[in-house]
Structure formats: C-alpha cells, structure tokens
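Laboratory data are not the source of any read-out in this text; all were calculated from the coordinates shown. Quantities reported herein were computed from a predicted structural model and do not represent experimental measurements. FYI the Cβ positions are ideal-geometry reconstructions off the backbone, even for glycines, and counts take in every protein chain you see.
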Amino acid sequence: MNVTDNFLHDQVALLRYSYHHWTGLHLLDAKLDDAAAVAALRDAPLAVVSHDTASDPIFNYANSAALQLFEMDWDSFAMLPSRRSAETANQEKRGAALEEVARQGYTQGYAGIRIASSGRRFWIRDTTIWNVVSPQGVFMGQAALIGRSEAL
C-alpha cells in the first residue's frame, strides 16, 4: 500500500474523531493540529491499529508501536487481513468482540492472544476497540488501542 500524507491525515482524523465519539476521551491531545497529530500517533507508546470495511477486513493503519509489536513493516501490515493477527484457535473470541463493537460502537478491557510475523505469541490487554466512523456517521472500519501487551 502506498501511503500518502493525505491518507495518514484522513485516517488519523477519523481515528481521533471516532474514538472521542464513542468513548468521550481523546486519543491524542485535542489541541494538536492535523500534522502534529499524525506524528504524535505514529510515535505514541501504545499500539494503535485499524482495518477497513472489506468483507475480510485488511489492516489500513498501524503506528510504530503496533508495527514493532507485530514485527512487520508498513507495507506487509497493510496487506494483512486483520483476522490473521490472531491464531485460528482464537478467532471465535476475536470475532465475538468485533461483533459486540459493531452493535454498541466500542468495547473496553478486551484481552486476547495475538501472533507476530515471527510466530511469537503475545497477550494484548486493556484494549479498547471501536467503530471508526466519519463525522457524518459513515462506518469506515474498526480500530484498536492496545493498552498493554506481554509475552506468553
């Protein structure tokens, strides 16, 4: 995926808007302008990811912390179906959480096992998952803020 500044600007704006819409909290300092927000989210210490609205959603955003956690570069991550971030045995729990988010907009406190590109398995905990929506209410995908991770 060829990432443009416009895409990053738009995606970060959607992530910020929709996170605040559902949780009432700010993903980043609300005073940051768009360019500063792109850099701040890229360099944030907590992992943030999002996927699109395809029938088999593909990741379309990962900050540096997420890329490091999943041991991938941007181009590889942005081609990955989001379901493949969890092993087959963990798909049911992941799917149930995403269905809950689809119904109510977001969930907090999610925990689950994920897998890095090397095969290393790890827990994600204290994770907030939310529907990414535009200010006009158009569903644009889902995102997650991983509160903490730990090796298995």
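What ranking of Ser18, Ser118 emerges when the number of other C-beta atoms within 10 Å of each C-beta is taken as an exposure proxy, fewest first?
Ascending Cβ contact count within 10 Å gives the list Ser118, Ser18.
Nearest 500 deg cm²/dmol is fine: what mean residue ellipticity at 222 nm does the chain get from its DSSP H runs of n ≥ 4 alone, each adding -39,500 (n - 2.57), divided by its residue count?
-10500 deg cm²/dmol
Could you work out how far the C-alpha centroid of region 93-152 sits from that of region 1-70, in angstrom?
Here the two parts' Cα centres lie 13 Å apart.
Please rank Ile113, Ile58, fewest neighbouring Cβ atoms within 10 Å first, as an exposure proxy.
Ile113, Ile58
Only four residue types carry charge here, +1 at the Cβ of Lys and Arg and -1 at the Cβ of Asp and Glu. Report the dipole size of the chain about the Cα centre in Debye, rounded to the nearest 20.
Computed charge dipole of the chain: roughly 460 debye.
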